[in-house]
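What follows is a short report on a single structure.
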Amino acid sequence: MDLVNKSEYKIILGSGSSRRRELLDMTGIDFTVKSIPVDESFPDSLKGTEISEHIVKNKSEAFNELIKKNEIIITADTLVWFEDECLGKPKDKEEARSMLKLFTGKSHDVITSVGFLTAGMFKILTESTTVTYKHLTEKEIDYYVETVNPVDKAGSYGIQDWIGMIGVEYVNGSYTSVLGLPVPQVTNEIIKIINENL
């Protein structure tokens with residue numbers, strides 16, 4: 001990513017997510033991390049992509065007073081949307097089991113919104129990916145919950161985990177978006193912003 005690294009722009013990942021840090025690091029782009037905790041609540045009237053975009057906007061606004069010229073601050077939010085309901089992180093193992101039972105033999109959407117903030121503009125990119133699980137057995141669900149304890153994962157699972165390897169039959173859309181950052185789309189957007197400001 002010489003074009004990015006040799007440009008005047010400094011890339012800042014505004015996220016405390018280790019997974020997003022790993023994904024962006026794999027691109028070869030030089031970046032720093034700066035995380036600001038924000039309220040991730042949202043109005044009940046919002047649906048699907050409206051929720052992730054609302055949260056990303058709030059995450060980006062936290063940097064409004066800090067952004068400097070020639071900086072691009074990247075923020076992101078990922079959620080699971082299933083049967084007209086937003087599923088966040090489970091509060092305990094029992095709720096994790098209940099969520100995974102909902103998914104068995106069905107499809108749900110994983111939505112990731114990414115915000116790009118510069119001193120002169122702000123834009124949001126959103127990817128929605130449909131994930132379809134096979135019929136999971138109770139033993140498979142119990143094994144995963146007990147060995148991984150996915151209470152820090154939206155929708156109670158990580159697609160890169162054991163449950164994703166043995167349980168996810170189809171992915172329609174961006175795989176890296178399900179991981180938390182749609183990498184090709186994000187790198188393209190960074191390059192576009194830099195090219196537009198050469």
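General remarks:
- Relative packing of 53-59, 32-38, which averages over residues the other C-beta atoms within 10 Å, highest first: 53-59, 32-38
- Our analysis of the chain gives Rg over Rh at 1.00, with the two radii drawn from alpha carbon positions and Rh computed by the Kirkwood formula.
- Unit charges on C-beta of K, R, D, E only; dipole of region 2-196, Debye: 400 debye
- Fraction of alpha-carbon pairs over 17 Å apart in region 30-124 - percent: 57 percent
- Positive contributions from Lys and Arg (+1) and negative ones from Asp and Glu (-1), summed over other residues with Cβ under 14 Å from the Cβ of Met26, come out at 0.
- Distance between the 7 Å Cα→Cβ label points at Asn149 and Arg19: 1.8 nm.
- Local electrostatic count, Ser15, Cβ distance below 11 Å [Lys/Arg +1, Asp/Glu -1]: +4
- Between the alpha-carbon centres of region 149-190 and region 25-82 there is a gap of 17 Å.
- Mean ellipticity per residue at 222 nm, deg cm²/dmol - from DSSP H runs of n ≥ 4 across the chain, formula -39500 (n - 2.57): -10500 deg cm²/dmol
- The Kirkwood radius of region 96-139, taken over pairs of alpha-carbon atoms, gives through the Stokes-Einstein law at 25 °C and 0.890 mPa s a diffusion coefficient of 190 µm² s⁻¹.
- Label point 7 Å beyond Cα of Lys192 along Cβ direction - residues of region 145-174 with amide nitrogen under 12 Å: none
- Links that overshoot a 19 Å alpha carbon limit, given the list Lys101/Lys153; Lys57/Lys93; Lys59/Lys192; Lys91/Lys153; Lys91/Lys139: Lys57/Lys93; Lys59/Lys192; Lys91/Lys139
- Neighbours of Val151, meaning other residues whose beta-carbon lies under 10 angstrom from its beta-carbon, give a summed charge of +1 when Lys and Arg score +1 and Asp and Glu score -1.
Read the figures in this text as sums done on the coordinates, not as results from a lab. As the structure is a computational prediction, the values presented were derived from the model and not from experiment. Note that each Cβ is placed from the backbone with ideal geometry, even for glycine, and that neighbours are counted across all protein chains shown.
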